[in-house]
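Let me begin by presenting the structure, written as structure tokens, before commenting on it.
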Amino acid sequence: MKKILLSLALVTGVFSNAQAVIIDSSTAIPTANILSNFNNSGLDWVYAGPIAPNEWGAGNIEPASYRAAEGWRAATAAEWAAHPLWNDFIAPGNPGGIVSPQTITDHSIYIYASEYWSDFRHVDTGDFAFGNVTDGVNGPISGVPETIYVRNTPQSNDVPEPASIALLGLGAFGMSVLRRRKAR
């Protein structure tokens, strides 16, 4: 009986490993999956997948507009001219000891976010290394290029906006009025 159950589990596991489902665009891409502020350019880059947008049909990999709410877009010509290389996406410290292009499925050694753009869970850095990289506008659109997108690096503001300060002041004023009413 154990052998039958084990065989059934193994067969089910092998045959149920169909294409994975794309992570919905309402789920933000974790910062760890983004090449943030590349070369202090003020631009973030995301390695979005192992084919061009809509290359094998709709849904295999989405265009940049799929995550426009997070600011992702196709690059301008000037931005594209300075886009990262395949090895710029190697995780800091090169924990995987990557020395040559390869197919990568491990987020701990390489920075990519294919599951947020497509039903793929890997990237093919060899294609990227040979210049087959696109954003759906720049670079080759066919020939199975890798896809990367860009956005302006979100600014962290430690200084409150004037509207926030005004709202805080209005709240303090309201509390003082309530306190005076209670004192009477």
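Brief remarks follow.
- Surface share of carbon and sulfur [accessible, 1.4 angstrom probe, percent] for segment 102-141: 53 percent
- Efficiency of FRET between residue 152 and residue 121 - r from beta-carbon atoms, R0 30 angstrom, step 0.05: 0.60
- Report note on the peptides 70-82, 106-118: ranked by the mean count of other C-beta atoms within 10 Å, highest first, their order is 106-118, 70-82.
- Between segment 36-67 and segment 69-147, the Cα center-to-center distance that results, in Å: 8 Å
- Residue list for segment 56-77, given a label point 7 angstrom along the Cα-to-Cβ vector of residue 141 and an amide N cut-off under 18 Å: 56-66, 73-77
- What segment 34-92 shows is 43 Å² of accessible area per residue, with the surface traced by a 1.4 Å probe over protein heavy atoms.
- Heavy-atom accessible area per residue - segment 113-153, 1.4 Å, Å²: 32 Å²
The values are calculated or read from the model by the stated rules, or taken from the named source; none is laboratory data. Keep in mind it's a predicted model, so treat the numbers as computed, not measured. Don't worry about glycine lacking a Cβ; one is built from the backbone with ideal geometry, like all the others, and counts go over all protein chains shown. Keep in mind that these areas ignore ligands, DNA and RNA; they rest on the heavy atoms of the full protein, side chains included. Shrake-Rupley method; radii C 1.70, N 1.55, O 1.52, S 1.80 Å.
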